[in-house]
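Quick note: the coordinates plus some simple rules give every number you see, no bench work behind them. Computed from a prediction, not measured in an experiment: that's the story for all the values here. Cβ atoms come from the backbone with ideal geometry, glycine included; neighbour counts cover every protein chain shown.
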Amino acid sequence: MWKTRAALVGIVAAVVFLAAAEFAALFLGGAGSPLVGVGGAVIDLAPRGAKDVMVSLFGTGDKVALITLMIVLVAAISAGAGVLEWWRPPAGAVVFAIGGVLSLLAVTTRSGSGTLDGAPTVVGVAAAIIVLRTLMVRLRRWEASSSAAAVPSARAESDGPARPERRAFLVWGVATAAAAVVVGGASRLGTATMQAAVAARRAIRLPTPATAAPAVPAGASLDVSGITPVITPNDAFYRIDTALTVPSVDPATWKLRIHGAVEREVELTWDELLSLPLQEHIATMSCVSNEVGGDLIGTAKWLGYPIRELLAKAGPHASADMVLSRSVDGFTAGMPLDVLQDTGTAALLAVGMNGEPLPLEHGFPVRMVVPGLFGYVSATKWVTDLEVTRFSEAQGYWTPRGWSERGPVKLESRIDVPRAGSTVQAGTTVAVAGVAWHPHTGVEAVQVRVDDGEWQDATLAESISADTWRQWLWRWTPTKGSHRLQVRATGADGQVQTSVERTPAPNGATGWHTVTVTAD
Ligand SMILES: Nc1nc2c(c(=O)[nH]1)N[C@H]1C(S)=C(S)[C@@H](COP(=O)(O)O)O[C@H]1N2
Ligand SMILES: [Mo]
């Protein structure tokens, strides 16, 4: 009797393992799900013959059969672990730990697995062992109280439902199992939709642009080691959003709705969007939270359709001055209608980033990119809704949270090399280099000064367009000692970057990036 109960505790712990791991996987990209990882490994490892036998036995239902077999096997092992834990603690916990290590091996050695993919398994094993141990403690208390009750002098209703130790065990056991089933089931659904989105993304062939971006001129990149590349690779592009888990949007059901103060509502499906003449545009995007010298900024070649054209189809009312964009996860960004309508601004409804469909975390399948505006007021990812309205009537997500309702990107520059605190060689030529940006205006000049000396003109790399940052370089021959390097840019409009130091809130940091290095 007690053995059966201990076996059940083992099974509950196994369910908790799966549930906790699935829950953790939801936050870590889904690829770390032990269910998927171990399942995949078993399929990979199963000898050919076994697979053939499976197929001949169960036909095309071989996956279902395999999963059923795995469930039975895991249930049997965890029941055994429960009994072991009852007899000789912590033997059962050790069985779970061994299972965890095997699952960890399976998950982390799969092709394309990342460093964090083992984390869900670790979380799962920890949760399982805690549940195994705590439920076992309650089971022992119940046993102790019932053997005490077996003594004639004890309460008559010893086996009755009123016994607190028995109730405590049952309540905890059932509650834990129920919570695990609910959380685990919901998480599995979440990771499964995420993986469906990954698969949908992989299947996409982006159309060739009707208007391709001109090739990046060779002169746009300076040959300086350690300088920021002009085009930021997708996997190095900064990511900022309020989404706890990356939204999974199926392009097949994606739709954009344009409504509000318009003559006629417009709806656009994924296929309709892809059949429009798309254009490529290289643009720098920055986060308003970027500190002076910070790295919340990147440049990519975006592929999309001008939002201006879609707005023209809808026909905004003359009274409107704002477009409130909304994402599937409820995030909103409000931006000036005239910026979106301007024929000189490549405000795109983007589907591609550096020649690929948008990565999931960068807004797959569709996001907005508006050159010259900070991300929080323009770059809505997973966008599904554009409402034409007025600034006096609507607010974007960050506005009531202390950030300005309008957010043009500020003129800024950054020293990439030498790094702050590094040591350079005195008496030699040292490359002082970095990037400068004033998206949609352009950068005309960059100057560097050492220890509050005269401003020296840096060499600028060729400009891609006014919408992108520019690399710059200044050659320096340092004298021995500690030196302070500072940079400032001049915009194509003649504006000189301000020395006034402002925090990112409410509308972007300003000040000169200052780096201290030692020359030896
Ligand atoms: N749906 C959604 N879109 C969003 C955000 C968000 O929180 N949710 N953050 C914005 C902010 S603040 C920035 S800086 C950019 C960042 O885009 P990235 O993560 O692709 O670099 O996305 C914008 N789009
Ligand atoms: Mo941002």
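Numerical summary
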item	result
For Ala445, distant residues with modelled amide H under 5 Å away	Thr490
Extension gain, Ser482 back to Thr68 (0.36 nm per residue minus Cα-Cα distance, nm)	142.2 nm
Cα point-scatterer Debye curve for the chain, base-10 log of I(q)/I(0) at q = 0.05, 0.09, 0.10, 0.12 Å⁻¹	-0.32, -0.82, -0.92, -1.08
In segment 453-496, the trypsin sites (Lys or Arg not before Pro) that fall in loop regions by DSSP, at most 15 other Cβ within 10 Å	Lys480
Neighbour net charge for Arg484 - beta-carbon separation under 10 angstrom, K R +1, D E -1	-1
FRET efficiency for Glu356 and Trp2, using Cβ-Cβ distance with R0 set to 56 Å, rounded to 0.05	0.45
Thr211-Ser275 pseudo-label distance in nm [points 7 Å out on the Cα-to-Cβ vector]	2.2 nm
Mean separation of Cα contacts under 8 Å, 6 or more apart, over the residue count of the chain: relative contact order %	13 percent
Integer Hz, Karplus 6.51/-1.76/1.60 couplings in order for segment 168-178, x for Gly and Pro	4, 4, 5, 4, 5, x, 5, 4, 4, 4, 5
Net charge of neighbours whose Cβ lies under 14 Å from the Cβ of Ala93, counting Lys and Arg as +1 and Asp and Glu as -1	+1
In degrees, nearest ten, helix 119-150 long axis to first principal axis of the chain (Cα)	30 degrees
Coordinate range along principal axes, alpha carbons of segment 218-401, Å, largest first	54, 37, 35
Added length on full extension, which subtracts the Cα-Cα distance from 0.36 nm per residue, Ala186 to Val328	49.3 nm
Rough spin-label spacing in nm, given labels placed 7 Å along Cα→Cβ, for Ala168 and Thr134	1.3 nm
Segment 218-401: relative contact order in percent, alpha carbon pairs under 8 Å with at least 6 residues between	26 percent
Inter-label distance for Val122 and Thr245, nm, one decimal - labels placed 7 Å from Cα along Cα-to-Cβ	2.1 nm
